[in-house]
Amino acid sequence: TEIVFPDKLKTIGYNVFRDVNQIDRINFPKPLMTICGNPFEGVIIDEINNLSSEFVVSGSAIFSSMQKKLISYYSKKEEFKIGDPTEEIGERAFASNIYIKHIIVNDGVKKIGKGAFANCPALTIIDLPISLKTIEDEAFLHTVTEPSIPIAQQQEKDSFKKYCDITSLTIPCN
């Protein structure tokens, strides 16, 4: 499947391509300014041709222009490292990816958006940084995993478990 957007497209809305499964090629036109949530939830994309200055496509992910926010992860790769300068994992950024098993989140990430890792059945390891300040609702909903939570977030342990199906929680001491 190839997706060709009109040259004047400015916004891609929520869940537009949710569960399409596979897109071979997609083109982001130059005027594209807004991607709402993760319109590619559960979709594997082989190639993105990005002409928009508002977004960066790198390492199987779509980021905001300065790579401060990860918007969507769209690969079959089982491991992904979120590096600098990313500060936020956006709403449903990894949601419904059935392939991802291990995510390493570098220090500097401060926020995990609502449902960011929801419905990721293969996700078994996620390493979270000490810089993390906010984990929004349902971040790990229907994802059975054992995340490593830094000691700074120990007080949020109960509220964190409230929104996910986690069976155990490891809190490392630094």
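Need at least 2 residues that are of a type in the set (Val, Ile, Thr), within 20 Å of Thr143 (Cα to Cα) and open to solvent by 70 Å² or more (accessible area, probe 1.4 Å) per element, so show me which strands (runs of 3 or more DSSP E) inside region 1-118 make the cut, counting only ones lying wholly within it.
Filter on region 1-118 gives an empty set.
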Self-check item: All positions within region 97-118 that are of a type in the set (S, T, N, Q) and modelled with pLDDT of 95 or more
Solution: Asn97
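The values are calculated or read from the model by the stated rules, or taken from the named source; none is laboratory data. Just so it is clear, the model here is predicted, and its values are computed rather than measured. Ligands, DNA and RNA are stripped out before the accessible areas are found, and what is left, the full protein with its side chains, is counted by its heavy atoms. Shrake-Rupley method; radii C 1.70, N 1.55, O 1.52, S 1.80 Å.
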